[in-house]
Amino acid sequence: MKLIYQYMLGFLVVVGTCLGVISIAIYSYSESMAYRQTWMQLEGYSDNLQKMALRVDPRTGTIDNITTETLDDMQDILADQKVNFVLFDKIGRELYPNRTSQPLIDAKTLALLRKGNTIRERNSTERSRPRVYHKRPMTYIMKPWFDQDNKMVAILLAGSEVSAVETNINTIKRNLLVALLVSVFIALVLSWFLANWQVKRIDKLRQATKQVAGGDFDVKIATDGQDELDDLAHDFNAMTISLQDYDQEIKRQEQRRKDFMADASHEMRTPLTTINGLLEGLAYDAIPAENRGQSIQLMRNETKRLIRLVNENLDYEKIRTNQIPLHQRSFDVQDCLQNIVSQLQEKATTSQDQLVLQAPDDLQIYADYDRFIQIVFNITQNAIQFTNQGLITIKAWHDDQQHAVLITISDNGIGMSSDQVKNIWERYYKADPSRKNTKYGESGLGLAIVHQLMQQHHGKIQVRSHLEQGTTFTLTFYDQEVIRANDTDQN
Ligand SMILES: Nc1ncnc2c1ncn2[C@@H]1O[C@H](COP(=O)(O)OP(=O)(O)OP(=O)(O)O)[C@@H](O)[C@H]1O
Ligand SMILES: [Mg+2]
């Protein structure tokens with residue numbers, strides 16, 4: 001059964017029961033009142049009749065006679081009010097209107113009357129009513145008349161037709177029924193509004209639940225905290241907030257995973273391309289015999305770097321918590337840069353670029369070796385990618401004032417506008433989508449990775465660029481003491 005009908009039914013049962021009980025109470029009270037009034041009226045008649053019809057002997061003070069003329073007059077008057085009476089003598093024989101020689105009242109009733117009791121009967125049936133009396137059902141009283149010596153001298157039975165009393169009771173009944181029907185109707189309308197209101201609130205909750213089930217956690221139900229449904233709505237809102245948090249966390253994790261996959265493949269492509277290039281060179285005897293040892297060394301270095309990359313980066317837990325550690329140490333910049341230049345030399349030659357390294361001997365830098373290679377490699381590769389028949393210079397020196405090793409990578413290639421420069425650190429950004437060079441990568445990730453790695457190193461990266469003139473990237477790697485001092489400050 002629908003909730004609205006359940007509510008209405010419940011409401012109706014309660015209201016109906018209450019009204020029923022009240023109606024029965026009112027009805028039975030009114031009914032007994034109606035009879036009581038009739039009896040009192042009849043007793044009043046009896047008393048008056050007694051006064052008028054009993055003649056007392058003035059000398060002896062005893063009852064002398066009962067005057068039947070008076071009774072005739074009274075009967076005429078009372079007949080209009082549907083009241084009849086019968087007079088019996090003290091042993092129950094009828095005196096008026098007829099005379100009988102046999103007693104018509106049974107001994108038990110007579111004994112009660114003699115004791116001064118008034119008999120009251122609501123709705124006499126043929127059997128219970130004295131045989132002589134009226135044919136139709138009557139409401140009557142039997143009242144004993146006493147003389148001065150308190151002796152019962154006569155009994156008056158005064159009765160009114162039940163139908164006369166019932167007319168009043170029926171009016172009450174009818175009014176009660178109308179009141180009941182009106183009340184039930186009002187209850188029905190009220191319960192419909194109430195139930196409808198509640199059902200609408202539940203519908204709202206259902207609607208919101210469906211939205212949540214459909215993946216929309218941005219739902220909020222208005223509550224003013226009055227009843228259990230409001231409490232439920234309140235809990236529901238709290239639940240959607242938690243779900244929103246979980247959802248965002250899942251999306252964050254998913255994004256991190258995607259980023260990682262993209263970064264990892266981007267970074268693995270570089271050593272793999274180098275190794276592949278060298279292997280092809282060896283396979284086709286394109287590398288002079290005296291350079292072979294160096295080429296093999298380069299391949300070994302790159303393979304080791306690749307293994308380290310895989311070992312360190314493919315740790316799921318580290319990806320999840322975004323904690324890929326740095327292993328910073330001091331190493332010789334010139335050696336490292338020379339390696340990079342060697343790897344990129346061929347690409348530079350293909351673009352007819354000249355690749356120059358200017359770094360002093362014995363210049364130590366404090367950085368994560370593999371990450372440092374990633375940084376410089378990405379920037380230099382870009383320089384080659386966006387420069388044709390130009391000059392690319394990598395310079396490194398120690399800046400005593402800044403306590404840092406500075407590295408610049410400059411080219412005189414196509415350069416960028418200031419607007420383009422603003423966006424280059426964004427993932428997947430390409431200053432000009434037409435600048436695609438599938439040979440050296442096209443994902444738009446390189447500089448985003450470089451930027452993130454420089455931040456991890458607490459270093460600085462700056463870029464100056466002019467369209468058609470060239471670009472210079474400046475990297476600042478602070479000395480070990482500065483980094484350590486900073487770390488201690490932070491702790
Ligand atoms: N030296 C440069 N000269 C001119 N434009 C550059 C230079 N370096 C970067 N850019 C511009 O910045 C963009 C972003 O460079 P980024 O290295 O992030 O991506 P990419 O080189 O296009 O692709 P990949 O992810 O393979 O490196 C480049 O697409 C290019 O438009
Ligand atoms: Mg790049």
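Assorted remarks:
- Selected residue (criterion: nearest to I307 (Cα to Cα)) from residues of the stretch 327-377 that are surrounded by fewer than 19 Cβ atoms within 10 Å (Cβ to Cβ) and among the aromatic types (F, W, Y): Y369
- Out of Q385, Q469, Q389, Q420, sole residue that is open to solvent by 70 Å² or more (accessible area, probe 1.4 Å), under 25 Å from Q352 (Cβ atoms), within 11 Å of ligand 1 (Cβ to nearest atom) and modelled with pLDDT of 90 or more: Q469
- Among the residues examined, G415 does not qualify as more than 8 Å from ligand 1 (Cβ to nearest atom) and either open to solvent by less than 40 Å² (accessible area, probe 1.4 Å) or modelled with pLDDT of 95 or more (or both).
- Boolean, A286 is at pLDDT 85 or above and part of a helix (DSSP H, G or I): no
- Of the residues making up the stretch 193-210, those that are surrounded by 14 or more Cβ atoms within 10 Å (Cβ to Cβ) and without any contact (Cβ under 8 Å) to a residue 40 or more places away in the chain are R201, K204, L205, A208, T209.
- Condition check for T270: within 28 Å of N378 (Cα to Cα), in a helix (DSSP H, G or I) and of a type in the set (S, T, N, Q): yes
- Residue within the stretch 346-359 that is touching a Pro at 6+ places or on another chain (Cβ under 7 Å), more than 16 Å from ligand 2 (Cβ to nearest atom) and in the same structural domain as T476 (by TED's automatic domain parsing) present: no
- The stretch 381-428, subset part of a loop (DSSP other than H, G, I, E, B) and among the small types (G, A, S), residue nearest to ligand 2 (Cβ to nearest atom): G413
- Some residue of the stretch 243-263 being more than 30 Å from Q452 (Cα to Cα) and open to solvent by less than 70 Å² (accessible area, probe 1.4 Å): yes
The values are calculated or read from the model by the stated rules, or taken from the named source; none is laboratory data. Because the structure is a prediction, the values reported are computed rather than measured. Because the Cβ atoms are built from the backbone with ideal geometry, glycine has one as well, and the counts that use them run over all protein chains shown. We work out accessible area using only protein heavy atoms, side chains counted, and drop any ligands, DNA or RNA first. Shrake-Rupley method; radii C 1.70, N 1.55, O 1.52, S 1.80 Å.
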